[in-house]
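The structure appears below as structure tokens.
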Amino acid sequence: MKTAISINDRLLHEVDETARQMGLSRSRLFGLAVTDFLRRQRMERMLLQLNEVYADDPQSMEKSLTKRIKSKARLTIEDRW
């Protein structure tokens, strides 16, 4: 699909030079760049979502669970001896 975009002259020159050095068309280089940018954006959103999930101080829940497990393990060990 064809589209028109506006881009700074210096940036366009750098794009053309890089595409030439890589043996790619300008369109292919733009396609690769946008694909990479979008992949990074998805990863960033996923990281933000994971940070939100783990922001609810799971450590306090884990501490409580660990304490109960240790208590049961201690009782089991004491019963054996």
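Values for this structure:
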item: Checklist (1) on the phi > 0 side of the Ramachandran plot; (2) at pLDDT 95 or above applied to Glu17, failing item; result: (1)
item: Positions within the stretch 53-79 being outside any helix (DSSP H, G or I) and modelled with pLDDT of 80 or more, in sequence order; result: none
item: Test set (1) modelled with pLDDT under 80; (2) loosely packed, with under 10 Cβ neighbours inside 10 Å; (3) among the acidic types (Asp, Glu) - Asp9 fails condition number; result: (1)
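The values are calculated or read from the model by the stated rules, or taken from the named source; none is laboratory data. Just so it is clear, the model here is predicted, and its values are computed rather than measured. Cβ sites come from the backbone with ideal geometry, for glycine too, and all protein chains shown count toward neighbours.
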